[in-house]
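Visitor: Got a structure for you, written out below as structure tokens; questions coming shortly.
Every number in this text was worked out from the coordinates using simple rules, so none of it is lab data. This structure is a prediction, so every number in the text was calculated from the model and none was measured. Because the Cβ atoms are built from the backbone with ideal geometry, glycine has one as well, and the counts that use them run over all protein chains shown.
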Amino acid sequence: MYNGFAIVAGLVIFFAMLTAPFALGTMTKQYKEPELKLPKNEKECIESTEYMRTNHMQLLNEWRDWALRDGKRTYINHKGKEFTISLQNTCLKCHTSKADFCDKCHNDAGVSPYCWDCHIQPEGLK
Amino acid sequence: MKNSRRTFIKLAGIAAAGLALAPRKGLAAEGHEPVKVNATAIHAKHWAMVIDTTKLNTAEAINKLAAACHHDHNVPHIEGKQEVKWLWHDTYPHTFPEQENPHMAEEVHERVFPLLCNHCQNPPCVRVCPTKATFQRPDGIVAMDYHRCIGCRYCMAGCPYGSRSFNWGDPRLGLDLGNLNPEFPTRMRGVVEKCNFCVERLAVGKLPVCVEASEGAMHFGDLMDPDSEVRKVLREKFTIRRKPSAGTEPSVYYII
Ligand code: SF4
Ligand code: SF4
Ligand code: SF4
């Protein structure tokens, strides 16, 4: 094998770099999922908890285009149930506190989506 | 090691360098498009409005409609040059500058006229918008997607009717926070806003706020349907539109 040492060394360095954050990450503080305040009257979100956890941002992104640009404002979920597409009038009717629901994860993840520059949080504007 | 933002960024940098060498794989597309139009929505091939200025022609009456519209859409109240408006009023010479004559009926000349976005059939604002934040829906409504507006104000320069307002400051500062419509969003600073022909109401089967509040002085309906209410009044009454020479083909008609 030509340049065998260089290739193997290169591969070792490549994988060391790629896995460094995971290796070092496990040595540091463990991430704990924040405790969310879930809606009182509803057991299920428009999709499964798992789906919402991983996909709510894509879903909201699609929702805004469907409602605003395509004029389609009824969403049919994976089980065939229908919902009105509206952050303000569907999501926030169940999730009645931005502070106790949205902010919990967003703060931990260090993201501040600008939804709230326009949409009115359920607590109202102050 | 301390779990600080700095360490995280360092590690992320190393990982990114690693990933730059790795082959790319596209995200799998979802594929399913589970949406449809609201069952209660009302439809038209081309929405249009006819305003009867023999019935609606005082500042007082128009201000009442503007207040209803502005409350429903959380339009801020700002005095002076930075005013934001969806529905307002002006004099005959300002409304119809090309359609004046020196001896016209005084009564008509003295009326004030309700103004709003004309939802032009051939809208220059849409043509000049570089981001397509302003776009025309298949039913003729010229809509704003505030998520995508970059605030360049080309559309304001393009609109011959001054139908658009720019949010120079935080529009929420001009709102009565105790009396918001919680069903409709506000806008952020740095976007352009205007009348949306109440698309959010048409989607649930309601007519525009101003039309409902006008007590019969405003008609709303499908311009392409010969049996619609707007076509009926257009057939029976003499109407004019604003600035015909601009060639924008407004969808708002005025009975004189
Ligand atoms: S009135 Fe102005 S803003 Fe409205 S559609 Fe026509 S050009 Fe565009
Ligand atoms: S201000 Fe916004 S809507 Fe107007 S032209 Fe620029 S991007 Fe388009
Ligand atoms: S149609 Fe709706 S948005 Fe436009 S001026 Fe009338 S009430 Fe306001």
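Visitor: How about the range A:27-126: which GluC sites (Glu not before Pro) there are in a DSSP loop, with at most 10 other Cβ atoms within 10 Å of their Cβ? It would help to have the intermediate numbers written out before the result.
Guide: Values: sites: A:E35, A:E42, A:E44, A:E47, A:E50, A:E62, A:E82, A:E123; in loops: A:E35, A:E42, A:E44, A:E47, A:E123.
Loop-located and lightly packed - A:E35.
Visitor: Also, I was wondering about something else. Based on the Cβ-Cβ distance from B:H71 to B:Q121, what FRET efficiency comes out when R0 is 30 Å, to the nearest 0.05?
Guide: Details: r = 29 Å, r/R0 = 0.98.
The formula returns an efficiency of 0.55 here.
Visitor: For the protein assembly as shown, what ratio Rg/Rh do Cα atoms give with a Kirkwood hydrodynamic radius? Show your work: numbers first, answer last.
Guide: Numbers: Rg = 26.8 Å, Rh = 24.5 Å.
Taking Rg over the Kirkwood Rh, I get 1.09.
Visitor: I would also like to ask the following. Springs between alpha-carbon pairs under 10 angstrom, Gaussian network model over chain A: which of A:L59, A:L68, A:L18 fluctuates most?
Guide: A:L18
Visitor: Which is the longest stretch in chain B that no exposed loop site breaks, taking sites as chymotrypsin sites (Phe, Trp or Tyr not before Pro) with a DSSP loop state and at most 15 other Cβ atoms within 10 Å? The partial results should precede the final answer.
Guide: Details: sites that count: B:W168, B:F238.
In short, B:1-167.
Visitor: When we measure straight from the Cα of B:K81, which lysines land under 28 angstrom away, once same-chain ones fewer than 8 places off are left out?
Guide: A:K126, B:K64, B:K132, B:K194, B:K243
Visitor: Would you look at the GNM of chain A, springs on alpha carbons closer than 10 Å, and say which of A:Q30, A:Q88, A:Q58 moves the most?
Guide: Checking each option, the largest mean-square fluctuation is seen for A:Q30.
Visitor: Provide the per-residue ³J(HN,Hα) series for the range B:88-100, in order, calculated from phi with Karplus coefficients 6.51, -1.76, 1.60 and θ = phi - 60°, each as a whole number of Hz, with x at glycine and proline positions.
Guide: Karplus values, whole Hz, x for Gly and Pro: 8, 9, 7, 7, 4, x, 7, 7, 10, x, 8, 10, 8.
Visitor: If I model a spin label at A:M57 and A:F5 as a point 7 Å from the Cα along the Cα→Cβ vector, what separation in nanometres do I get?
Guide: 4.5 nm
Visitor: Here is a follow-up. Could you go through the range A:11-17 in sequence order and give the Karplus-derived ³J(HN,Hα) for each residue, using 6.51 cos²θ - 1.76 cosθ + 1.60 with θ = phi - 60°, rounded to whole Hz, and x for Gly and Pro?
Guide: Rounded to whole hertz, the list is 5, 4, 5, 4, 6, 5, 5.
Visitor: Compute the helix-to-body angle for B:59-72: its Cα long axis versus the longest principal axis of chain B, expressed 0 to 90° and rounded to tens.
Guide: So the helix axis and the longest Cα principal axis differ by about 20 degrees.
Visitor: Given the Cα-Cα distance of B:E100 and B:L177 and 0.36 nm per residue of separation, how much length would full extension add, in nm? Walk me through the numbers on the way to the answer.
Guide: Details: separation 77, 0.36 × 77 = 27.72 nm, distance 4.27 nm.
Working it through step by step, the gained length comes to 23.4 nm.
Visitor: Next up: As a check on your grasp of the helix formula, calculate [θ] at 222 nm for chain A: sum -39500 (n - 2.57) over DSSP H runs of n ≥ 4, divide by the residue count, round to the nearest 500. Write out the running numbers ahead of the final one.
Guide: Working: 3 runs with 48 residues, N = 126.
After summing the helix terms and dividing by the residues of chain A, the value is -12500 deg cm²/dmol.
Visitor: When the helix-only estimate is applied to chain B (DSSP H runs of n ≥ 4, each -39,500 (n - 2.57), divided by the residue count), what is the mean residue ellipticity at 222 nm, nearest 500 deg cm²/dmol?
Guide: Working: 9 runs with 67 residues, N = 256.
So the helix-based figure for chain B works out to -7000 deg cm²/dmol.
Visitor: If you don't mind, another one. Within 10 Å of each Cβ of B:186-193, how many other protein chain Cβ atoms are there on average?
Guide: On the way: counts 5, 2, 4, 1, 1, 2, 0, 0.
Mean inter-chain Cβ contacts per residue within 10 Å come to 2.
Visitor: Of all the Cα-Cα pairs you can form in the range B:47-255, what percent are over 21 Å apart?
Guide: 53 percent
Visitor: For B:V204 and A:K29, FRET efficiency with R0 = 51 Å and r from the beta-carbon atoms, rounded to 0.05? Working shown, then result.
Guide: Values: r = 49 Å, r/R0 = 0.96.
Once rounded, the FRET efficiency stands at 0.55.
Visitor: What net charge is computed for the residues neighbouring B:R231, neighbours being all others with C-beta under 9 Å from the C-beta of B:R231, Lys and Arg scored +1, Asp and Glu -1? Mind showing how you got there, number by number?
Guide: Values: positive: B:K232, B:R235; negative: B:D222, B:D225, B:D227, B:E229.
Its environment carries a net charge of -2.
Visitor: For a distance above 24 Å, tell me the whole-number percent of Cα pairs in the range B:144-256 that qualify. Display every interim value, and only then the final one.
Guide: Details: 2635 of 6328 pairs.
Summing the P(r) of the range B:144-256 above 24 Å gives 42 percent of all pairs.
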